[in-house]
């Protein structure tokens, strides 16, 4: 299976030969989903070796990190993990292009007008949150974006047909482009919003796009007038839109796509019952946006294992077998050669499926995706208990320049105390921070249910008993009378809470 990348990605379609080339290349990306898994693993190993060669030759960080490993080694477990803190602390040494520097990227993203422009004329940049309280800067080459959108049109399209028929489908879209409506929660260089601003130009030949903010007062009207084939948004946004389903007129809708947040079983049920089309729940990170594509036949998502490696591991970073919930995950992006992510720790907890999938995709399938226990509070609403994720807090505080770190503590079921630590010499703007948080909670449909107090503190320390910093701390825990559909999720969180509690007792 020889790699083939489209030429001249900046061309908006060019002549008919260019369109045929792109149609062919895009269609080819569907083939590996039907291949024997052993062939896919062979391609994965070859690309891993190629990535290692580039990293050793051009990245002083990885050259030093892998100095004790033989050049021909391809055994994943022999290579040390890479953390977000390492990635940022050694950014200039990690990247393989000396023209790319941390200061240069930071200066570039200062100006929001650059969001549609390539960095240094050839790279796409974004930033995401770091578990240590600092954003992770991400630099991507064009190959990453080409693969992302090709996967979306083939592996992520529930109606796509492979082979010759898939090629015909791609050609037909030249006459009648697909219609994708994206509900954006955050403008700027955030991956979930930024990626749609960095579409390869030739994609506009195949698809028409609508980008609309989640808080737009005319959101429903604009979506109805656009009449999309695909509606894409976070689970929280789609869940809220499902409550307004009587206002929608979507005769051409063929699927909905979720991303960025954990999709709970109750939310999945409400969304699918409302929109009555397949739901594709993509699991990815800003560091590897094409990591998976959602499955139309079952919960979870299929790992694009020909271009990415996803390792489910325990607390000692040892492999966890399919069917067992892992402690964290490690990701290797085989397409990004300018900022290599090799055995990069993401931190989520997932479980891989043990049985073949009924959709026909033979790539590995993630059966269950849950966030870390520290990422959820269970709060009471008029409709019952709901998990409050870390996302509203992250979007409110992570990118405030004067805030070094934040911590939210659930002191009562619906009462939360938020503490902000400023960078040296700065003072947190509590009014602006509160306004931003209220906006995020409004989008999540929880603003009226919560009593939140925000205060500035001089220093936020790690837990003395566990030696770990926790951004979200619950003093209340999991409700005893959760509805049955939420108990499965709660049990996963409870199991980790027991581990944390046991370790605290041992340390103390």
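The values are calculated or read from the model by the stated rules, or taken from the named source; none is laboratory data. Keep in mind that what you see is a predicted model, and the values were worked out from it rather than measured. Cβ coordinates were reconstructed from backbone atoms using ideal geometry, including for glycine residues, and neighbour counts include every protein chain displayed.
Values for this structure:
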item	result
Residue 486 modelled with pLDDT of 70 or more, in a helix (DSSP H, G or I) and surrounded by 15 or more Cβ atoms within 10 Å (Cβ to Cβ)	no
Meets criteria (modelled with pLDDT under 95, over 29 Å from residue 303 (Cβ atoms), outside any helix (DSSP H, G or I) and out of contact with any strand residue (DSSP E or B) (no Cβ under 8 Å at 6 or more places or on another chain)) for residue 114	no
Any hit, the range 401-408, residues being in a loop (DSSP other than H, G, I, E, B) and over 19 Å from residue 474 (Cβ atoms)	yes
Any chance residue 142 is outside the structural domain of residue 403 (by TED's automatic domain parsing) and at pLDDT below 85	no
Residue check for residue 130: in contact with a strand residue (DSSP E or B) (Cβ under 9 Å, 6 or more places away or on another chain) and either in a helix (DSSP H, G or I) or at pLDDT below 90 (or both)	yes
Unmet criterion (only one of (1) modelled with pLDDT under 95; (2) assigned to a helix (DSSP H, G or I); (3) in contact with a helix residue (DSSP H, G or I) (Cβ under 7 Å, 6 or more places away or on another chain)) for residue 12	(2)
Strands (runs of 3 or more DSSP E) wholly inside the range 236-317 containing at least 1 residues that are over 14 Å from the mean Cα position of the chain (by Cα) and within 24 Å of residue 219 (Cβ to Cβ)	255-258, 279-281
Single residue of 388, 330 found to be in the same structural domain as residue 441 (by TED's automatic domain parsing), within 18 Å of the chain's Cα centre (by Cα), at pLDDT 85 or above and part of a strand (DSSP E or B)	388
Selection from the range 31-52 of residues that are surrounded by fewer than 12 Cβ atoms within 10 Å (Cβ to Cβ) and either in a helix (DSSP H, G or I) or not assigned by TED's automatic domain parsing to the domain that holds residue 152 (or both)	38
Residue in the range 243-259 that is modelled with the highest pLDDT, counting only those that are under 20 Å from residue 391 (Cα atoms) and surrounded by fewer than 23 Cβ atoms within 10 Å (Cβ to Cβ)	257
Residue within the range 365-373 that is assigned to a strand (DSSP E or B) and within 30 Å of residue 101 (Cα to Cα) present	no
The range 54-80, residues that are modelled with pLDDT under 95 and either part of a helix (DSSP H, G or I) or under 25 Å from the mean Cα position of the chain (by Cα) (or both)	76, 77, 78
Condition check for residue 106: surrounded by fewer than 13 Cβ atoms within 10 Å (Cβ to Cβ) and touching a strand residue (DSSP E or B) at 6+ places or on another chain (Cβ under 8 Å)	no
Flag for residue 225 being modelled with pLDDT of 95 or more and either within 22 Å of the chain's Cα centre (by Cα) or not assigned by TED's automatic domain parsing to the domain that holds residue 387 (or both)	yes
Single unsatisfied condition, residue 332 versus (1) touching a helix residue (DSSP H, G or I) at 6+ places or on another chain (Cβ under 9 Å); (2) surrounded by fewer than 18 Cβ atoms within 10 Å (Cβ to Cβ)	(2)
